[in-house]
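A.B. asks: Once you've had a glance at the structure underneath, I'll fire off some questions.
The values are calculated or read from the model by the stated rules, or taken from the named source; none is laboratory data. What you see is a predicted model; the values in this text were computed from it and never measured. A quick note on method: Cβ atoms are made from the backbone with ideal geometry, for glycine too, and the neighbour counts reach across all protein chains shown. To get the accessible areas, we keep the full protein, side chains included, count just its heavy atoms, and leave off ligands, DNA and RNA. Shrake-Rupley method; radii C 1.70, N 1.55, O 1.52, S 1.80 Å.
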Amino acid sequence: MLIFEQSKPGRTAAAQLPAAIANPDLPERYLRTTPVGLPEVSELQAVRHYTNLSRRNFSIDTNFYPLGSCTMKYNPRACHSLAMLDGFLGRHPYAPESLSQGFLSCMYELQEILADVTGMKGGVSLSPMAGAQGEFAGVAMIMAYHKHRGDLARTEIIVPDAAHGTNPATATVCGCSVREIPTLANGDIDIDALKKVLGPTTAGIMLTNPSTIGVFERRIVEIAKLVHEAGGLLYYDGANLNAILGKVRPGDMGFDAIHMNLHKTFSTPHGGGGPGAGAVGVSERLRPFLPIPMIEAVVRNADGTISPSPLMGEGRGEGEKTASNVAETSVLSLKKGKKAKGKKESGASAITPTLTPDPLPPAGDGAGTWYRFVRRKDRPLSIGRLSAFAGNAGVLLRAYIYARLLGREGMPRVAEYATLNANYLAVQLKKKGFTLAYPERRASHEFIVTMAPQKKANGITALDFSKSLLDYGIHAPTNYFPLLVPECMLIEPTETESKETLDNFVVVMKVLLDKAASNPEWMKGAPYTTPVRRLDDVKAAKELDLAYVPPAGKAA
């Protein structure tokens, strides 16, 4: 029953009423002439209504959620509880830096952790508030780099045919034209096709590695060399970073920019349109263009001198130290050693603006570290702000806590178990009679099953399998993506699922495979147990039904 149908005139939740206040003196033209139309219900009715609605939700807390390329892993409750400490919840976004040192220190360490684990020596900005916004920032920085160098002819972005749909969309929004290149039958990029489109108009290439077909691009170093020699840059779509976390670094592959979906890899809640966090990292050549604000550490030494953080203009070399206290406390402190010498790159020029270490740690405090925002005056070449403040603070805190819980030793285990679970599941499904799209390749953290044989034999599609899974308490894998695999089901179990959960998924899939042959009509009608049955997707998108309309003759 809809909550509107429970409404009775005069019924209220009196305990929740706000304190009585005088009506504001508003001009007559601004006053409503009709009732608001909200339901009039008791407190108990409201509680039951919304509790029952929540029980209809399909979530990672209640069910297996193998949604490919989305990394629907468990979100540890410790991250939630620590991110909701009073000091974090009570901090206003406009609070001065002097009253925000705890929060700013966490954000600074998160920047350093992400820069280290991805190998992006130019630093990290946390301000993008979603993966799509991180993508935009990455391409915008590449274009700003070419513009700064006067290389205005570079307006083409190369995108593989297996790329996320957001990749070509992002390139277009940034004013670029898109050149698509094919994927070979073995899952690797067609290098010959890449060579043909590289040239003086190439701005860069957008890649996911592992790719969206669930395999690692084995010739990535060669690809990076070709693109750099042509004067272009490489952008890394971090959607599949979970597969290589702590094992391989995009910076070491040759990438110049990366966005990281912290709401995937670093286990913060996501779905339903947000909240997200699409932190971006860059190589040294793109450092000046990072979006603001970022966090830097200014260290006042015992002798009164000031030592800036790497963000102050010095490159983050292979062995450069960060501020001393961060090096001691950060779970992923940078390797210590000799600072790497700058390399002369093809067509690249060193751009190192001088930044002002202001404000300094308060006078009289002696030695210590002061955390501050890096703003436009510090980074005149920055692509600017992407959010009102500095990103989704609560999400970033959860990602920071998750990284600290894992530690340096834990991060590789994320990739190892994610890959192990995916490969185990792929092998078990193959044994049951399912067709893998790339049977000769080892899966990364996800893999593709094609239902093309079932469609040909019985007319049962990937969508029919996915709808049927809902009746067994399992969320559907990603359907029909990537588009180059017919009747595609992209399956990603993540590292947080147990063997028992994976085995149950295999059993259910086998049951459905048998039903596809013996009772295809049943599968065409699924799901049967969900609050809403199968919708007409086109009709639902074109004829939205989002508002309550009371029956004729009855007021809302």
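A.B. asks: Can you find, among V197, T208, P182, the residue sitting farthest towards the positive end of the charge dipole of the range 176-221, where Lys and Arg contribute +1 and Asp and Glu -1 at Cβ?
C.D. replies: V197
A.B. asks: In addition: When the scattering of the chain is computed by the Debye formula from its Cα atoms alone, each counted once and equally, what is log10 I(q)/I(0) at q = 0.05 Å⁻¹?
C.D. replies: Taking Cα atoms of the chain as identical point scatterers yields -0.25.
A.B. asks: Counting only GluC sites (Glu not before Pro) that sit in a DSSP loop (anything but H, G, I, E, B) with at most 11 other Cβ atoms within 10 Å, what is the longest stretch of the chain containing none of them?
C.D. replies: 1-439
A.B. asks: Does the range 89-173 classify as rounded, prolate or oblate by the C-alpha gyration tensor (a ≥ b ≥ c root eigenvalues; a/c under 1.5 gives rounded; else a/b over b/c gives prolate, otherwise oblate)?
C.D. replies: Verdict is prolate for the range 89-173.
A.B. asks: Please report, as a whole percent, how much of the solvent-accessible surface of the chain comes from carbon and sulfur atoms (probe radius 1.4 Å). Walk me through the numbers before you get to the answer.
C.D. replies: On the way: 14940 of 26360 Å².
Ligands and nucleic acids excluded, carbon and sulfur reach 57 percent.
A.B. asks: Which percent of Cα pairs goes in each bin when the distances of the range 465-545 are cut into 5 angstrom slices starting at zero?
C.D. replies: Each 5 Å bin holds this share of Cα pairs: 3, 12, 19, 22, 22, 14, 6, 2, 0.
A.B. asks: OK, next. Taking a temperature of 25 °C and a viscosity of 0.890 mPa s, what whole-number D in µm²/s does Stokes-Einstein yield for the range 492-534 with Rh from Kirkwood over alpha carbon pairs?
C.D. replies: This corresponds to a translational diffusion coefficient of 202 µm²/s.
A.B. asks: Another question, then. In debye, nearest 20, what is the charge dipole magnitude of the range 128-249 about its Cα centre with +1 on Lys and Arg Cβ and -1 on Asp and Glu Cβ, if you could check?
C.D. replies: Once rounded to the nearest 20, the dipole reads 320 debye.
A.B. asks: What list of whole percents do you get for P(r) of the range 241-284, with Cα-Cα distances grouped in 10 Å bins up to the one holding the largest distance?
C.D. replies: Spelled out bin by bin, the range 241-284 gives 26, 49, 21, 3 percent.
A.B. asks: For a 26 Å ceiling on Cα separation, which of these pairs sit above it: K430/K455; K515/K539; K147/K196?
C.D. replies: K515/K539
A.B. asks: Could you state the per residue volume, in Å³, of the convex hull enclosing the Cα atoms of the range 1-134?
C.D. replies: Output value, Cα hull per residue: 278 Å³.
A.B. asks: Calculate I(q)/I(0) for the range 84-127 by the Debye formula, one identical point scatterer on each C-alpha and no solvent, and give its log10 at q = 0.21 Å⁻¹ to two decimals.
C.D. replies: Ignoring solvent entirely, the Cα scatterers give -0.74.
A.B. asks: Same structure, new question: With the dipole of the chain worked out from charges on the C-beta (+1 for Lys and Arg, -1 for Asp and Glu) around the Cα centre, which of T529, L2, L290 lies farthest toward the positive end?
C.D. replies: After comparing all options, I get L290.
A.B. asks: Follow-up question, since we're still on this one. Would you calculate the convex hull of the Cα atoms in the range 361-520 and tell me its volume per residue in Å³? Let's see the in-between values first.
C.D. replies: Values: hull volume 32.7 nm³, N = 160.
So the per-residue hull volume is 204 Å³.
A.B. asks: Here is a follow-up. If each residue of separation counts as 0.36 nm, what is the full-extension length gain between L152 and R219 once their alpha-carbon separation is subtracted?
C.D. replies: Result for the pair: 21.2 nm of gain on full extension.
A.B. asks: Of the options A422, M84, M129, report the single residue whose Cα projects farthest towards the positive end of the charge dipole of the chain (beta-carbon charges: Lys, Arg +1; Asp, Glu -1).
C.D. replies: It is A422.
A.B. asks: Which whole-number value in Å² is the accessible area per residue of the chain, probe 1.4 Å? Intermediate values should be presented prior to the final figure.
C.D. replies: Working: 26360 Å² over 556 residues.
Per residue, the chain has 47 Å² of solvent-accessible surface.
A.B. asks: Moving on to the next point. Write down the percent of antiparallel bridges among all DSSP beta bridges whose residues are both part of the chain, to the nearest 5.
C.D. replies: Approximately 60 percent, going by the DSSP bridge assignments.
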